[in-house]
Amino acid sequence: MSDTTDIKASTLPTARKSRFSRLCCCILLVAAFIVVLGLALGLGLGLGLKHRTSTTESSPATGSSQASNQIQSWRRSTLDYALDLSGWDFNAPPTTRVYNFTASEIAAYPDGVNRTVLAINGQFPGPLIRINQGDRLVVHLTNHLPNATTLHWHGMFQNDTNWMDGTTGITQCPIPSGQTFTYNFTVPTQSGTYWYHAHQSTQYIDGLVGPLIVHSPEEVQLQKQYYDFDQVILVQDWYHGLSAGLLDGFLASGNENAEPVPDNGLIQGTNYFNCSSYDEGSGYTCYDNSTRATFAVENNHRYRLRFINTGAFTTFQISIDNHTLNVIEADSTIVEPLPVHRFEIATAQRVSVILNANQSSTTNYWMRMEMNTDCYAADNPVLDTSVLSLISYTNSTAEPTSSVDWKDAYDLICQDMNNTLLVPVAEQQAPPADIFYQLSFSFAIGDYALDRAVINGSTWVPNKSDPTLNQAIAGIHASNISETAGVSTGFSPNQYVISLPTIQVVDLLVQNFDDGSHPFHFHGHVFWVMATSTEQYFPWSSDLYSQLNSTSSNDYTKNPMRRDTITVEGYSWVLLRFRNDNPGVWAFHCHNIWHMEAGLMAQFMSLPDVIKSWEIPADVANLCIV
Ligand code: C2O
């Protein structure tokens, strides 16, 4: 293990390192550092493979010129997301880990096209959060954005801290511009790959995203078995315009569910973009030195790559030329190794794979992240769907010489990886359901020719000054909101809330009457994926439902995949099952951010008798007083 550019060896200048991932073998590394400084910058900071040969910014293709010898301070180093394993105590006693975040607008050009990006601590994507299971996470978030914001901790149960879920209009009022709010919660039982993102309108796709990794003592065993190095990789679709403007266009009168199609895809917050796609009149400033992410590997070492799809709505198909990958985690559930050439990752999902760097080390290889255009209703002429980054055996940014894409066909439909092939290592037989609910959704042209998403007749509009949780607590006390099971009538028509009063097992049939695919996420829970289909209707005339509800072990009940985000394909259904044991008001929504903002959201009010006993902490409640 030699160089300064390895995924594991975090030897870039300390200013670029993440706070908790220090290796202190500095002295030995200084010499190596000097020798390979230029190389290290090139690899670690993800410098480009095209149009440039140094770290110097060239003049922009259009607009004002800019020259600097500096790596852009907002640009995230790939090494910032390398999880140093030897320096981390996986068995540390529970502690409190504190992060200070300031959200602000910056001008940045992740793929060369300059735009306003919402950054955390001046960087995009956001800082890596790393904690152990059992720890308390405290994030002081100062909002220097012009607009209100929140942060949601995607996948966290927030058991007994529902008001820390960060969901505008459901668990909190957004944090006004200029204010600081502290998120503070414990993670007693969970571990794996998670992420955080703003949960205020479409804001997160302008940049407010980052990885949240929860380690556990058991992970040490996993490392012994499968990997030597551990690297987080963010993939996302990307727009050159601010989301607020795109959202206005999407929701405008007469527009029939044509979601804005991304302009590019980013890996680790960077990618190449062909500036000549935009002419002088485009209004864009495009720097012709855009970059591709590079991940350096060492021959015959094994890498856990933790992919997180932090995008707006694209499903990616990911592969590495010449290397079979083994999936070992999806949405924080550890699974039996599944060998794949390509795998799908929908918006908000996480997938860990093992990369064994066992191919010829005389060349580099492409990592391909193909954006599935079947997710889109239209074309975007500037979009190159083949997003590439480099797996470098050679400590160089040299383009591969004998890198060959797998022959396996790419998906033609916007879909998940086959959930039945994912087998949780911690086996759990799914118990039969006690109660059944169905959510049917579609898009419909409603008032003022506006296209809205409708779930069981309701389209969600967030109540930003009186969130559902606040309404629930007050309403249950005042007996305006009933604790009995079923769809609650105590909320306004834009809040579709199902009350689940007892700890029991719930079946949720999600019926898609739209032609598009929808990645649904359930806050505060993981669900069993009991069955999925490409047919429109659940086959009630067959014995499927009784098999799914058998008390004995069968193909469906034995050990179904557990996750928190699942794609419901066009004109089809999925049957999810969960244990209703987490009190609070929980969002269940399409993570296609355009669809969520069009109203594709239902809510579950779990254990209202517990909710009734809550008093929302003053700092959270005060956000609603402006
Ligand atoms: Cu990633 Cu409502 O969340």
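The values are calculated or read from the model by the stated rules, or taken from the named source; none is laboratory data. Values in this document were obtained by computation on a predicted structure and should not be read as measured data. Methodologically, a virtual Cβ is constructed for each residue, glycine included, from the backbone with ideal geometry; neighbour enumeration extends over all protein chains shown. The area values use the complete protein model at the heavy-atom level, side chains included, leaving out ligands, DNA and RNA. Shrake-Rupley method; radii C 1.70, N 1.55, O 1.52, S 1.80 Å.
Things worth noting here:
- Once segment 338-394 is narrowed to residues that are assigned to a strand (DSSP E or B) and of a type in the set (D, E, K, R), the residue that is least open to solvent (accessible area, probe 1.4 Å) is ARG350.
- You will find that of ASP564, ASP543, the residue that is within 16 Å of the ligand (Cβ to nearest atom), among the acidic types (Asp, Glu) and at pLDDT 95 or above is ASP564 and no other.
- If you filter segment 181-191 down to residues that are assigned to a loop (DSSP other than H, G, I, E, B) and open to solvent by 10 Å² or more (accessible area, probe 1.4 Å), you find that the one that is nearest to the ligand (Cβ to nearest atom) is GLN190.
- Within segment 287-299, tally of residues that are open to solvent by 10 Å² or more (accessible area, probe 1.4 Å) and either within 18 Å of ALA82 (Cα to Cα) or under 17 Å from the mean Cα position of the chain (by Cα) (or both): 3
- Flag for LEU128 being open to solvent by less than 30 Å² (accessible area, probe 1.4 Å) and at pLDDT below 95: no
- Of the candidates LEU576, LEU548, the single residue that is over 19 Å from the mean Cα position of the chain (by Cα), within 16 Å of the ligand (Cβ to nearest atom) and not assigned by TED's automatic domain parsing to the domain that holds ALA244 is LEU576.
- Output for segment 307-353, where each listed residue is under 23 Å from ASP80 (Cβ atoms), away from the ligand (no atom under 16 Å from the Cβ) and charged (D, E, K, R): GLU329
- There is at least one residue in segment 121-142 that is touching a His at 6+ places or on another chain (Cβ under 8 Å), among the hydrophobic types (A, V, I, L, M, F, W, C) and more than 16 Å from the ligand (Cβ to nearest atom).
- Answer residue from segment 155-164, given it is under 18 Å from ARG563 (Cα atoms) and open to solvent by less than 30 Å² (accessible area, probe 1.4 Å) and is nearest to the ligand (Cβ to nearest atom) among those: GLY155
- Criterion applied to VAL510, VAL505, VAL497, VAL526 was being within 16 Å of the ligand (Cβ to nearest atom) and over 26 Å from GLY446 (Cα atoms), and the one residue passing it is VAL526.
To keep it simple, each residue is scored yes or no on (1) surrounded by fewer than 20 Cβ atoms within 10 Å (Cβ to Cβ); (2) away from the ligand (no atom under 12 Å from the Cβ).
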site: ILE170; (1), (2): no, no
site: GLN179; (1), (2): yes, yes
site: GLN200; (1), (2): no, no
site: LEU208; (1), (2): no, no
site: VAL232; (1), (2): no, yes
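- Which listed residue is surrounded by fewer than 23 Cβ atoms within 10 Å (Cβ to Cβ) and within 20 Å of the chain's Cα centre (by Cα), from LEU212, LEU251, LEU242: LEU242
- Cβ pairs under 7 Å, 6+ apart, first in segment 555-570 and of a type in the set (A, V, I, L, M), second more than 16 Å from the ligand (Cβ to nearest atom) and assigned to a strand (DSSP E or B): MET561/THR333; MET561/PRO424; MET561/VAL529; ILE566/VAL529; ILE566/VAL574; VAL568/ASN512; VAL568/VAL574
- Residues located in segment 275-292, provided they are out of contact with any helix residue (DSSP H, G or I) (no Cβ under 6 Å at 6 or more places or on another chain), in contact (Cβ under 8 Å) with a residue 40 or more places away in the chain and not polar (S, T, N, Q): CYS275, TYR278, GLU280, TYR284, TYR287, ARG292
- Residue within segment 84-91 that is open to solvent by less than 10 Å² (accessible area, probe 1.4 Å), at pLDDT 50 or above and either more than 27 Å from LEU305 (Cα to Cα) or in a strand (DSSP E or B) (or both) present: no
- Restricting attention to segment 597-620 and to residues that are among the charged types (D, E, K, R) and more than 30 Å from ASN512 (Cβ to Cβ), the residue that is most open to solvent (accessible area, probe 1.4 Å) turns out to be GLU615.
- Answer residue from segment 319-332, given it is of a type in the set (Val, Ile, Thr) and surrounded by fewer than 21 Cβ atoms within 10 Å (Cβ to Cβ) and is nearest to ARG562 (Cα to Cα) among those: VAL327
- Segment 131-153, subset open to solvent by less than 20 Å² (accessible area, probe 1.4 Å) and hydroxyl-bearing (Ser, Thr, Tyr), residue nearest to GLN203 (Cα to Cα): THR149
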